[in-house]
Amino acid sequence: MKLKELQGALQLCRYFEKPKLELEQYPTPPEIAARMLYAIETSYEDIEGKSVLDLGCGGAILACGSAILGAEYVLGIDIDPDALELAKSNIEELEVDVDLLQANVITTDLSMHAKMFDTVIMNPPFGTRAKGADMAFLKRGVDVASGAVYSLHKSSTREHIMKKAAEWNTKGEVVAELRFNIPALYKFHQKKSVDVEVDLIKLTIL
Amino acid sequence: MHLLTHNLLQCIVQGCRTNSFPLRIIPEDVQEDERDFNQEFMVRMLPRIHWAALLSALENLSIQHELPAELPADASSNEELLQKLHRYLLEIRVQQGALICNGCGRKYDVRQSIPNMMLNEDEV
């Protein structure tokens, strides 16, 4: 699978029509989703043949992309029924096999019996509005991953994340720096769109 | 919801600790999709599967399975068993139904294959 093909497929994914501010729903653009997943697979072989979890999946673009790249089992979790509705239609459109679960990522523990997932991939809330949501998502990912967690975070939080990564007994590294174009989705956005510097962080479970 | 996902789910009602796992499945619509068998993947998943929860799920769905009561020691080299597990965990899907906690009785709906593991405001 070439990057272009993956990008083409993910461009079929629909976005939120009415994103919810309190959940900090910023959809992952298809180009970023494709590049991110492609890098994870080609550099680290962490998708094909693996079990993959997408925390706070929204329209499930990362989950769908993982399935396209050959993940054996993919689960997407989101709290928002509208997001899951969208995810469902994207999964059908792309004809991939992805399980969905409606649950609160922060309060739901999926790690009681085993670390079921080889790889966790997510675009969590940035924690700008709901303080600490980004780190809470990341911790949930670490709890349930047996291999690695890949997550997008504002570059301004890098130092803090690296400190936490060590506390959680993981090896933290920045594997890519991206510019995330956030279109004016919400009323409080005054500019048409704004570029935010984002890191693709990898936490390897030690 | 495939049974591998069911294998992860437990009751989230606060204070519900006894018999909160596994959740009992009340099936309304169960479907089966074929997909490629990946032996290496199943072998890797073996130690992560909660065997008793899988057996109880199959029983809830009235699926004749012939699986032993415990995970056999030679499971990773038993291709026939791995193929069966592949079918049970990844091909069988609960499309509609409910999950019931055997401890507190809380019911979680499964609609359009998506379990709803959210509490109502008055339960939080």
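The values are calculated or read from the model by the stated rules, or taken from the named source; none is laboratory data. Keep in mind the model is a prediction, meaning the values are calculated, not measured. Methodologically, a virtual Cβ is constructed for each residue, glycine included, from the backbone with ideal geometry; neighbour enumeration extends over all protein chains shown. Ligands, DNA and RNA are excluded from the accessible area calculation, which covers all protein heavy atoms including side chains. Shrake-Rupley method; radii C 1.70, N 1.55, O 1.52, S 1.80 Å.
Top mean-square fluctuation among B:Leu54, B:Leu23, B:Leu71, Gaussian network model of chain B, C-alpha springs under 10 Å? Among B:Leu54, B:Leu23, B:Leu71, the largest mean-square fluctuation in the Gaussian network model of chain B belongs to B:Leu71.
Interface residues of the range B:104-119, defined as a loss of at least 30 Å² in heavy-atom accessible area between the chain alone and the complex of all protein chains with a 1.4 Å probe, are B:Gln112, B:Ile114, B:Pro115, B:Met117, B:Met118. Exceedance of the 28 Å cut-off in Cα-Cα distance is limited, within the set A:Lys18/A:Lys191; A:Lys2/B:Lys84; A:Lys154/A:Lys191, to A:Lys2/B:Lys84. Here the protein assembly as shown exposes an accessible surface that is 46 percent carbon and sulfur, computed with a 1.4 Å probe and the other protein chains kept in place.
Could you give the C-alpha radius of gyration of chain B expressed as a fraction of 2.2 N^0.38 Å, taking N as the number of residues it contains? Write out the running numbers ahead of the final one.
On the way: Rg = 15.1 Å, N = 124, 2.2 N^0.38 = 13.7 Å.
The value comes to 1.10.
Interface burial in the range A:54-101, defined as at least 10 Å² less accessible area with all protein chains than with the chain alone at a 1.4 Å probe, covers A:Glu72, A:Tyr73, A:Leu75, A:Ile79, A:Leu84, A:Glu85, A:Lys88, A:Asp97, A:Asp99, A:Leu100, A:Leu101. For the range B:56-61, putting each phi into the Karplus relation 6.51 cos²θ - 1.76 cosθ + 1.60 with θ = phi - 60° gives couplings of 5, 4, 5, 5, 4, 8 Hz, in residue order, rounded to whole numbers and with x for Gly and Pro.
What order, most packed first, do the peptides B:43-49, B:100-106 have when packing is the mean number of other Cβ atoms within 10 Å of each residue?
Values: B:43-49: 17.3, B:100-106: 15.7.
Result, highest mean first: B:43-49, B:100-106.
To the nearest 10, the accessible area of A:Glu92 is 120 Å² with a 1.4 Å probe.
Inter-label distance, A:Thr128 to A:Glu167: 2.4 nm, where each label sits 7 Å from its Cα along the C-beta direction.
Could you please put A:Glu45, B:Glu34 in sequence from largest to smallest accessible area, using a 1.4 Å probe? Present the calculation step by step, with values, prior to reporting the outcome.
Values: A:Glu45 125, B:Glu34 175 Å².
Ranking A:Glu45, B:Glu34 by accessible area, largest first, yields B:Glu34, A:Glu45.
Averaged over the residues of A:107-120, the number of partner chain Cβ atoms lying within 10 Å of the residue Cβ comes to 4. Rounded to the nearest whole Hz, the Karplus-based 3J(HN,Hα) values (6.51 cos²θ - 1.76 cosθ + 1.60, θ = phi - 60°) of the range A:34-42 follow the sequence 5, 5, 4, 5, 4, 5, 4, 6, 6, with x at glycine and proline. Within chain A, DSSP assigns beta bridges of which about 55% are antiparallel (rounded to the nearest 5). Here the Gaussian network model covers chain A, with springs between Cα atoms less than 10 Å apart; of A:Ser151, A:Ser51, A:Ser193, A:Ser193 fluctuates the most.
Helix-only mean residue ellipticity at 222 nm, chain A, DSSP H runs n ≥ 4 weighted -39,500 (n - 2.57), per residue, nearest 500. What is it? Mind showing how you got there, number by number?
On the way: 6 runs with 67 residues, N = 206.
Dividing the helical sum by the residues of chain A leaves -10000 deg cm²/dmol.
Each 20 Å bin from zero holds the following percent of Cα-Cα pairs in the protein assembly as shown: 32, 59, 9, 0. Here is the tail figure for the range A:134-182: Cα pairs spaced more than 18 Å apart come to 26 percent of all pairs.
Listed cross-link partners A:Lys20/A:Lys171; A:Lys131/A:Lys163; A:Lys20/A:Lys131 are compared with a 24 Å cut-off, the Cα-Cα value being larger for A:Lys20/A:Lys171. Hey, can you find the accessible area per residue of the range A:101-150 for me, probe 1.4 Å, expressed in square angstrom? Accessible area per residue, the range A:101-150: 30 Å². For the A and B pair, go ahead and give the buried accessible area with a 1.4 Å probe, both sides summed, in Å² to 100. Chains A and B together bury roughly 2400 Å² of accessible area.
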